[in-house]
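Q: Pasting a structure below so you can have a look.
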Amino acid sequence: MTPEYRPAWRNIRSGMRWLVVTLAWIAASLTLIFVVLDLLPGDAANLRLGLDATAEELAALRAHYGLDRPLTTRLLEWFTGLLSGDLGTTLVTGVPVVTVIGGALGRTAVLAGLSVIGILLLGWGGGIAAGMRPGGRVDRILSSTALAALCTPEFVVATVLVLVLATGLGWLPAVSLVPAGGGIFDRPQILVLPVLTIWVVGSATLVRLVRPVIARQAASPHVEAAHLAGLSPVRVLWRHLLPGALAPAAQASAMLVPYLVGGTIIVERAFAFPGLGSVMVQAVSNREPGLLMACSLIVVGVTVVAYRLADLSTTGSAKTGRQRVPTRPRFVTDGPSLAVSGARQ
């Protein structure tokens, strides 16, 4: 291979390796979920026929559902259908899985999207404000508040918000029920309490993750040199502090994706919001492997890809941060005065 093509080939190999590892993680997670569901007591046949069913009736219904086949056969059949774009149907009703999760996925995406905006703004803002001056008054207030919010379960936060904003003040509905025949935007107020609940815990988590990254970067020599050079705090933040903190802070933000997924499911159940979390709980309760696997594919896929992208961005962001770091300051003493050069860039 000629030298001019080697960098391109190296990038292609790295990209293929990244894709293979990502798909392997997703496949392994889905396999584990399928096995765990199969190990739970009971199945769809038991739930449909009840306790009075005879062994012959259970065997016939299991054969009809395909539950009498080996676990590996059913798992391989689901993966084969996934590769062909067929997620199958529910066992009891026979409704296509895509139809069941379609509307719920859209509602969860809206809830998660609104939550992400608030979490990033509050979490990054609070983490930067606390980390700029570690040990200061602002740091102590924000860190203590974030720790208190982080130690409070989502259902407790949801209960408090309902008691204050719904029951006490009557400003918002206590449950997030979608109007019959309508959508969530027909009653947008049903989104407020679930989003606020996710904001409280999610932003507190992000503050605790971002704050040490900013504090560590703020103590670095080139940032201190920029302060000594008399640069404004805003310029120090944007030009000298954030470039070096971007990569680890991005990884910290990616760690919020699993919480966002799990927290959204809990919050949806707390407010009776008809989203993907409700469908997943229904799939486990009804022992619907196809439905649960389809929901898990979305949840696991988003989580794994978010982590992998954060890891992938670490190298590039770190290189960018090193390139933008100002040159090493040169201290020139002239009597009692001290001039700092090299930081004014």
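Q: How are the Cα pair distances of the stretch 207-277 distributed, in percent, across 10 Å bins from 0?
A: 19, 33, 20, 16, 11, 2
Q: With the cut-off at 1.5 for a/c, could you classify the stretch 1-154 from its C-alpha gyration tensor as rounded, prolate or oblate?
A: oblate
Q: Specify the angular offset, from 0 to 90 degrees and rounded to the nearest 10, of the alpha carbon long axis of helix 55-65 from the longest principal axis of the alpha carbons in the chain.
A: Between helix and principal axis, roughly 50 degrees.
Q: By its C-alpha gyration tensor, with a ≥ b ≥ c as the square roots of the eigenvalues, how is the chain shaped: rounded for a/c under 1.5, else prolate for a/b larger than b/c, else oblate?
A: oblate
Q: State the answer as a single residue: which of Val261, Gly50, Ala229 lies farthest towards the positive end of the charge dipole of the chain, with beta carbon charges of +1 for Lys and Arg and -1 for Asp and Glu, about the Cα centre.
A: Comparing the listed Cα positions along the dipole, Ala229 ranks first.
Q: Would you kindly state how much longer the chain becomes between Trp238 and Arg69 on full extension, computed as 0.36 nm times their sequence separation minus their alpha carbon distance, in nm to one decimal?
A: Gain on stretching Trp238 to Arg69: 54.8 nm.
Q: Among Ser220, Ile141, Phe185, which residue has its Cα positioned farthest towards the positive end of the charge dipole of the stretch 128-225, with +1 placed on the Cβ of Lys and Arg, -1 on the Cβ of Asp and Glu, and the dipole taken about the Cα centre?
A: Looking along the dipole axis, the top candidate is Ser220.
Q: Can you give me the Cα centroid spacing of the stretch 27-100 and the stretch 216-266 in angstrom?
A: The distance from the Cα centre of the stretch 27-100 to that of the stretch 216-266 comes to 47 Å.
Q: Could you give the size of the charge dipole of the stretch 3-83 about its Cα centre, using +1 on the Cβ of each K and R and -1 on the Cβ of each D and E, expressed in debye and rounded to the nearest 20?
A: Values: 8 positive and 8 negative charges, 156 e Å.
For the stretch 3-83, the charge dipole is close to 740 debye.
Q: If you place +1 on the Cβ of every Lys and Arg and -1 on the Cβ of every Asp and Glu, how big does the dipole about the Cα centre of the chain come out, in debye to the nearest 20?
A: In total the dipole reaches around 1980 debye.
Q: Same structure again: Would you mind ranking Val100, Val284 by Cβ crowding within 10 Å, fewest neighbours first?
A: Neighbour counts put them in this order, fewest first: Val284, Val100.
Just so you know, all these numbers are worked out from the coordinates, no wet-lab data involved. The structure presented is a predicted model; accordingly, all values stated were derived computationally and were not measured. Here the Cβ is made from the backbone with ideal geometry for all residues, glycine too, and neighbour counts use every protein chain on show.
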